[in-house]
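Below: one structure, written as structure tokens.
Nothing in this text is a laboratory measurement; each read-out follows from the coordinates by a stated rule. Everything numeric in this text was worked out from a predicted model, so none of it was measured. Backbone-built Cβ (ideal geometry, glycine too); neighbour counts: all protein chains shown.
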Amino acid sequence: MADPTYIVDGVLTQPEPWVCIQSTTTANDTTDLITWTSSTGQNNWSQYMDFAILIYSQYTYDGPSYGDLKIQLNNNTTSNTYGNQCMDQATTSSTVTASAQASFRNNYYMGYLPANEGGSSNYFGAIVAYIYDINSGKAKTCISQAGGSSVGASTGLTGFASVEGNVMYEQEPITEIDILTGGFYFRTGSRFDLFGVLPKMV
């Protein structure tokens, strides 16, 4: 890894375990892609061990239920690059559903965000994701959790929760993250934060 920018003359200048690298808030209802890339200074990703991503958002889709959120690494959209296992539950059901898509995905599947049936624009959901060993020569693993209210009057669904496990089989360091809506748009005021975990905390 490169020399960390949080050390100046041998002194640790960043006391927190997480460093906020990038933060994006949508200014309109027409954004369907968030892109972050490594650059210089605090945004030089080669100095971090892991990533933490916090997402607070809703889709503008005027339909029932909710939609899925996806993340691609290093602009890699090739099939068979990502694997996924998921457990999810709607709040109207006592059944937890498990599924696996182990070898044909072209993205990380991160969880659900609420939709906008009937124009209900105040039902934001949350997703927390951790991507590990971002600069190692290993496959890149990710664990994410999602939850929120589901504005689905026609389906009777009132909420949802999910846990996802993902792997990208490629082994190169992560230098780009793309957050995708799965065909919808992010609601105005949706927020996306990328944090780097410092090696000194590991």
Checklist entry - Sorted from fewest to most neighbouring beta carbons within 10 Å, what does the list L180, L54 look like? => result L54, L180
Item to check | Rounded to whole Hz, the Karplus (6.51, -1.76, 1.60) HN-Hα couplings of the stretch 78-88, x for glycine and proline | outcome: 6, 4, 6, 8, 10, x, 8, 10, 9, 10, 9
Checklist entry - Can you sort M87, M49, M168 so the residue with the fewest Cβ neighbours within 10 Å comes first? => result M87, M49, M168
Checklist entry - Hey, what do the phi angles of the stretch 46-53 turn into as Karplus ³J(HN,Hα) couplings, whole Hz, using 6.51/-1.76/1.60 and θ = phi - 60°, x for Gly and Pro? => result 5, 8, 9, 8, 9, 10, 10, 10
Next on the checklist: Under 5 Å between amide hydrogens, which residues at least 5 positions from G125 or on another chain qualify, with H placed 1.01 Å from N in the peptide plane?
Outcome noted: S57, Q58
Checklist entry - With r defined as the distance between the Cβ atoms of A139 and T30 and R0 fixed at 35 Å, what FRET efficiency is calculated, to the nearest 0.05? => result 0.50
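Taking the beta-carbon count within 10 Å as an exposure proxy, list T35, T40, T30 from fewest neighbours to most.
Ascending Cβ contact count within 10 Å gives the list T40, T30, T35.
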